[in-house]
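Peer 1: Below you will find the structure I want to go over with you.
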Amino acid sequence: SIGDLGCFSFQNSKNLTCGEGGAIIGDDERLMDICYSFHNFGRPYGTVSAGRGCVRLGTKARMAEYQAAILLAQMERLEEQTSRRVENAAHLTSRLEPIPGIIPHKLNDGATRAAYHLYAFRYQQEEFGGVPRSTFLRALSAEGVPCSGGYSPLNKCDFLEHAFQSKNFKKMYSPKQIERARQLSECPENDRLCTEAVWIFQSLLLGSRQDMDDIADAVEKIYENRDQLV
């Protein structure tokens, strides 16, 4: 793993999935024992209920052998599927780059390969005649391309505003401190990304070269007919 621990999700949308759950890998035995304990009622590794008992608060988060069997069966085709995603993502990028207002993702310098859990690009509304991203997403979906606007900014979650406005918060912190907290939580570049992002799901990248062309053709069609969507 990169670092002491590495985490993988097997939730239903992931590249390698068994519906739900995940895995932790690592090379630090102490940390791995703690992780095991958290997922097994707080018991230390290698014990049963009649042994030492619980050494910390833990959960019942054990995955079943059936889920492991599903995952192991997928390992046989993981490499081939990853290569296909990489090839299709490269072709899709080559088709989308010339379209005004579409900015495909770029890999960081030094990156050798991406898993492409998502294929993302930025949508610039002004290049599409002011068509809102929400309208673009509906139009792309109507063309048969499943897509999403991605995540919303965490610093704009309702629970934060509820906390700032709560009586207890106002008792604990002065108006100046609360305003300072608001200012520190502002992330304008992240906000912009969350308003421009378009996600194409990884399952689409397992399609054919023609499927990638169909996605690009749909985006081109929307651009060419943008005046009808305003």
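Rule-based calculations on the coordinates, nothing more; no lab input. Quantities reported herein were computed from a predicted structural model and do not represent experimental measurements. Every residue, glycine among them, receives a Cβ derived from its backbone with ideal geometry; neighbour counts consider all protein chains shown.
Peer 1: Name the long-range amide H neighbours of residue 22: under 5 Å, sequence gap of 5 or more, or other chain; modelled H, no Pro or chain starts.
Peer 2: 10
Peer 1: Can you give the FRET efficiency for residue 55 and residue 8, using 1/(1 + (r/R0)^6), R0 = 41 Å, r = Cβ-Cβ distance, to the nearest 0.05? The partial results should precede the final answer.
Peer 2: On the way: r = 25 Å, r/R0 = 0.62.
E between residue 55 and residue 8, to the nearest 0.05, is 0.95.
Peer 1: Here is a further query. Please get the size of the charge dipole for region 1-63, origin at its Cα centre, with Cβ charges of +1 on Lys and Arg and -1 on Asp and Glu, quoted in debye to the nearest 20.
Peer 2: Once rounded to the nearest 20, the dipole reads 340 debye.
Peer 1: A follow-up question, please. Answer with one residue from 21, 6, 40: the one whose Cα lies farthest towards the positive end of the charge dipole of region 1-63, charges on Cβ with Lys, Arg +1 and Asp, Glu -1.
Peer 2: Looking along the dipole axis, the top candidate is 40.
Peer 1: Per residue Cα convex hull volume for region 1-63, in cubic angstrom?
Peer 2: Spread over its residues, the Cα hull of region 1-63 gives 91 Å³ apiece.
Peer 1: Given labels modelled 7 Å from the Cα in the Cβ direction, how far is it in nm from residue 229 to residue 65?
Peer 2: Simple spin-label model gives 5.2 nm for this pair.
Peer 1: Grab the Cα-Cα distance for residue 86 and residue 141, subtract it from 0.36 nm times how many residues apart they are, and report the gain in nm with one decimal.
Peer 2: Extra length from residue 86 to residue 141 when fully extended: 17.5 nm.
Peer 1: Sticking with the crude label model, points 7 Å out along Cα→Cβ, report the distance from residue 111 to residue 195 in nm, one decimal please.
Peer 2: Those two pseudo-labels are separated by 2.5 nm.
Peer 1: Length gain on complete extension for the stretch residue 167 to residue 186, per 0.36 nm per residue less the alpha carbon to alpha carbon distance?
Peer 2: In short, 4.6 nm is gained.
Peer 1: Sticking with this structure for a sec: To the nearest 20 debye, what is the magnitude of the charge dipole of region 152-230 about its Cα centre, counting +1 on the Cβ of each Lys and Arg and -1 on the Cβ of each Asp and Glu?
Peer 2: About 980 debye.
Peer 1: For the chain, give the magnitude of the charge dipole about the Cα centre (Cβ charges: +1 Lys/Arg, -1 Asp/Glu; no others), in debye to the nearest 20.
Peer 2: On the way: 27 positive and 30 negative charges, 266 e Å.
Result for the chain is approximately 1280 debye, rounded to the nearest 20.
Peer 1: Mind checking which lysines have their Cα closer than 30 Å to the Cα of residue 14? Skip sequence neighbours fewer than 8 apart in that chain.
Peer 2: 60, 106, 156, 221
Peer 1: Figure the gain on full extension for residue 103 and residue 177 (residue separation times 0.36 nm, minus the Cα-Cα span) and round it to one decimal in nm.
Peer 2: Extending this stretch completely gives an extra 22.8 nm.
Peer 1: Here is a follow-up. Between region 137-151 and region 9-50, what is the C-alpha centre distance in whole Å?
Peer 2: Taking the Cα centre of region 9-50 as reference, the centre of region 137-151 is 35 Å away.
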